[in-house]
Each structure stands twice: as C-alpha cells, then as structure tokens.
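Colleague: My questions all concern the structure below.
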Amino acid sequence: MEFDWSAADVAFRDEVRAFLDANLTPELRRAGRLATSVYPDHEASMAWQRILHERGWAAPAWPVEHGGCAWSLTQHYIFSRESTLAGAPPLSPMGIRMVAHAIIAYGTPEQQAFYLPRILSGEIFFCQGYSEPEAGSDLASLTMAAVDDGDDLVCTGSKIWTTHATEANWIFCLVRTSRAGKKQQGITFLLIDMTTPGIEIRPLVMTSGEQVQNQVFFDNVRVPKSNVLGQIDDGWTVAKYLLVFERGGGAMAPYLQAMAQEVAVAAAEQPGPDGNPLLDDAAFAARLADARIRSDVLEILEYRTISAMSRGQNPGPAASMLKILATELSQQLTELALEAAGPRGRVYQPHATAPGGPIAEFVPPADGYTSGADWQAVAPLRYFNDRAGSIYAGSNEIQRNILAKAALGL
Ligand SMILES: Cc1cc2nc3c(=O)[nH]c(=O)nc-3n(C[C@H](O)[C@H](O)[C@H](O)COP(=O)(O)OP(=O)(O)OC[C@H]3O[C@@H](n4cnc5c(N)ncnc54)[C@H](O)[C@@H]3O)c2cc1C
C-alpha cells in the first residue's frame, strides 16, 4: 500500500524512530525477534512496557483521559509498524488490550482509578480466566461457582488454559452466580487478586516442553463484591464486550508483512527443488504472494478497527474477521518460513527460545544441526506455536459462526 505521508506524519514517524533507536536495547530487540507468538519473553516485554509508559505510549488506543494517545489513525499505524520493524517485543494483551477496555466501559470511577494506572505501569498484570474444562467454545456453560456471602462472593471451581497465570498477580474471571434463566444469565465478571487464599496454579506442560498455560483452582476464595465489573448476574455483557477487543484491536499486519519479507529474503538464498533459489519456484512464489496480498487486506481491516476504537466504539463482528484472517495468515507464513529456513530450520531447537518464557543463551550444540541464525532457529517454534492461533481467543469455527449470524444475518 502506498501512502502519501503528510509532513506532520513524516515528523511523527521520525520521532517514533528516534525513540525506538534510543530505547530499544539489543536485548529487547532480540526478545522481539525471537518472540514465537503473541507472547515474547515476559521480563523483556514488561521492561519495554515500563519504557513506553514513561513516554506515555504504553496504551495508545485507550481514550486520552485514561492515558491513551490523541493520535490520528495514521499515527497509530506508524507507531505499530515502526515498533514491529525495529523488533520491539509485543506487550502482553490481557491487561492493556483486553480487561482495561472493559474497565473503561463498565468500571466504576473507583475501579478505573485503581486498576487503569496500575495496568499501565505494569504493577498489576492480569491473566484471563474464561475457559473451564467443560466450557470452551460453549463458554456460557461455565460452572465455577460464586456464592453470595455478605460483602463477598465465595468462589469455587477451576479455570483452564490460563496463559501466564504464574506471572499474573490478578485474574479476570467469569463466575456463575445464578442458575436461573438462560445459561448466559447468572454469570458475573469478577476481578480477583491472585494472592487471595485458596488459589492454586498447576502448569500445563505442552508436548513441546513449553509451559505458558495453566489450570487454576479456586477453593472457597473470598472476593469482595466491589471487585465485580458491571452488574452481578450480567457479566455476559462485559465478557462479550471484552472478547471483541481480544480478537481485534491489535496491529498484526505490520508483523506479518515483516515476516513475509523475511521469508522472501531467506527463500532467495535457499535452493528450491530444482536447485535454483526457492523464491524462483513458481508454486512457492505464488503462495508467498498470496500471503502478502492477504496481509494488505488485513491491514485495511485493522485500520477500520483502530479507527472505530479511537472514536470510543467497539469494533463489533469485524473483530472475528480480523481474528480468522490474522491467525490463518500467520499459520500460512510460518509454514513458508519453515520451508525457507531449509533443513536446519526444520530441526526443533527449543533451547533457542520458548514463547513467553526465558530466552536461553544461543549456544550451537556440537551435533551441528543448529542454525546460527536466530530466525531459522525460531521458525519451527513459531510454526508449532501458531497451530494454536486458530483455537485460542475462541476457535476460528466459532468466529465463522459469529460472522454468519452477526454480519450475514444467517
Ligand atoms: C495457546 C492457548 C492459550 C489459551 N489461553 C487462554 C487464556 O489465557 N484464558 C482462557 O480463558 N482461555 C484460554 N485458552 C482457551 C481457548 O479459549 C479455548 O481452547 C477455546 O475457546 C476452545 O475451547 P476448547 O479448547 O474447550 O475446545 P472445544 O470447545 O471443546 O472445541 C473443540 C473443537 O470443536 C469445535 N467446535 C466446538 N463447538 C463448535 C460449534 N458450535 N460449531 C463449530 N465447531 C465447533 C471447535 O472449533 C474446536 O475445533 C487458550 C487456548 C490455547 C490453545
């Protein structure tokens, strides 16, 4: 896409570039480059958030009165594109991009004054307690009980697949406060301090050996009613509002375009099936071109979403479209990246990095199978990790159901 940048936009871009140059240390850039999914190394991501917060840029999409930036659509785009190209580690989405929007829309002034500044500074780090062992796609069938007891709700049950539960000090949960009426009624949206007695976390170790997701158990956990977001029994309204921000509202297009470029450069050096560069292989080139075109489509949709959000609107069903397009495109590109990385990229190298986990020092082992290039080492990890993209945040089948109903009226 070609832009006719205004002088003010060029000045802003230069300001962002100068800021990134001055503040992105080699360690932070490496953490960004080695991010294998939405989650980079946790410490690096938080360090970057603190730097952005100091500059007032940690949550540009929030309304200005809560600490967001009064940026134009173009400025939002410039900021995310330049950050991606410079290799900045992405920030964790659960606080700034997700629950904060629900607090802004449904929180009391007291809740907003308490949580929002602390989410911005990183003092409060939220994880998401929606899914349960028997409630994933059919989220409204959740059963974690919250029993009314004076000023408190007493919670018992469990949440599963909770990303970063071991790093978080707060969790936002959907709990069952009533069984009367439809299953969507009687759900309450609750903010829970993870240090409250009765909470136990058990890590879920993936077949890859990574440990980012967890199961969280609640045994008679007392939570003050003042921690309810919105109304008791009407948490489904808040939950749906938040999900739209989980599925849309990010800027994945610049990241995916940068990945497509990286793949093109690598494929120009990697021999294809006939011995000529892989990039000259017609089938490979067509798949890469298709991915690049889709990333431009995604970019336009992201503009629309950012534009709606910066006017204080909810992105609506467009978020489901963004979620499907971004995750499937990312899967397509990680497949191409694996091919372009060549035989060495195919070797699984978990010691190179772990999504959301610590980045190990890169020491090529003596067997000689480890690539020296960071991105080649990360290619298989990104590939594996991106398989989950069409499941998390509500599976893509469910997003298609939402679009069929909300956008097509079927
Ligand atoms: C990496 C990862 C991180 C996650 N992080 C979190 C987190 O931090 N917090 C959290 O709360 N949850 C998290 N989740 C959970 C995620 O939201 C659920 O996995 C997801 O909603 C699907 O639920 P499920 O796993 O129970 O699958 P199920 O609901 O059992 O679905 C199984 C399959 O059936 C299909 N299916 C189900 N119903 C329908 C239907 N009506 N029409 C068509 N197809 C259907 C689904 O698409 C899926 O393919 C995470 C998941 C993953 C993989």
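The values are calculated or read from the model by the stated rules, or taken from the named source; none is laboratory data. Note that the structure is a prediction, hence the values are computed from the model and not measured. Cβ coordinates were reconstructed from backbone atoms using ideal geometry, including for glycine residues, and neighbour counts include every protein chain displayed.
Colleague: Here is a check on your reading of the model: is Arg346 modelled with pLDDT of 60 or more and either touching a Leu at 6+ places or on another chain (Cβ under 6 Å) or away from the ligand (no atom under 16 Å from the Cβ) (or both)?
Modeller: Yes, satisfied.
Colleague: While we're looking at this one, here's another question. Select from segment 159-177 the residues that are more than 11 Å from the ligand (Cβ to nearest atom) and farther than 22 Å from Gln231 by Cβ and list them in ascending order.
Modeller: Thr166, Glu167, Asn169
Colleague: Here is a further query. Give Gly368, Gly356 a once-over and let me know the one that is surrounded by 20 or more Cβ atoms within 10 Å (Cβ to Cβ), at pLDDT below 70 and at positive phi.
Modeller: On inspection, the qualifying residue turns out to be Gly356.
Colleague: Can you tell me which residue among Thr195, Thr143, Thr162, Thr188 is in contact with a strand residue (DSSP E or B) (Cβ under 7 Å, 6 or more places away or on another chain) and surrounded by fewer than 21 Cβ atoms within 10 Å (Cβ to Cβ)?
Modeller: Result: Thr143 is the single residue among Thr195, Thr143, Thr162, Thr188 that is in contact with a strand residue (DSSP E or B) (Cβ under 7 Å, 6 or more places away or on another chain) and surrounded by fewer than 21 Cβ atoms within 10 Å (Cβ to Cβ).
Colleague: Any residue in segment 127-141 that's free of Cβ contacts under 8 Å to residues at least 40 places away in the same chain: show its pairings with residues that are of a type in the set (A, V, I, L, M, F, W, C) and near the ligand (Cβ under 6 Å from one of its atoms) at Cβ separation under 6 Å, as long as the two are six or more apart or on different chains.
Modeller: Ser131/Trp161
Colleague: Next question. Which is more than 20 Å from the chain's Cα centre (by Cα), at pLDDT below 90 and not hydroxyl-bearing (Ser, Thr, Tyr), of Asp4, Asp21, Asp14?
Modeller: Asp4
Colleague: Search segment 381-410 for residues being without any contact (Cβ under 8 Å) to a residue 60 or more places away in the chain and assigned to a helix (DSSP H, G or I), and hand back the single one that is farthest from the ligand (Cβ to nearest atom).
Modeller: Tyr383
Colleague: Is it the case that segment 117-127 has a residue that's farther than 26 Å from Tyr303 by Cα and surrounded by 23 or more Cβ atoms within 10 Å (Cβ to Cβ)?
Modeller: So far as segment 117-127 goes, yes, one or more of its residues are farther than 26 Å from Tyr303 by Cα and surrounded by 23 or more Cβ atoms within 10 Å (Cβ to Cβ).
Colleague: Could I ask something else about it? Is it the case that Phe125 is more than 10 Å from the ligand (Cβ to nearest atom), more than 30 Å from Asp14 (Cβ to Cβ), out of contact with any strand residue (DSSP E or B) (no Cβ under 9 Å at 6 or more places or on another chain) and at pLDDT 95 or above?
Modeller: Criteria not met by Phe125.
Colleague: Suppose the filter is in a strand (DSSP E or B), of a type outside the set (D, E, K, R) and more than 15 Å from the ligand (Cβ to nearest atom); does Ala180 pass it?
Modeller: No, not satisfied.
Colleague: Could you please let me know if Asp290 is surrounded by fewer than 22 Cβ atoms within 10 Å (Cβ to Cβ), charged (D, E, K, R) and either not in a loop (DSSP other than H, G, I, E, B) or not assigned by TED's automatic domain parsing to the domain that holds Ala393 (or both)?
Modeller: yes
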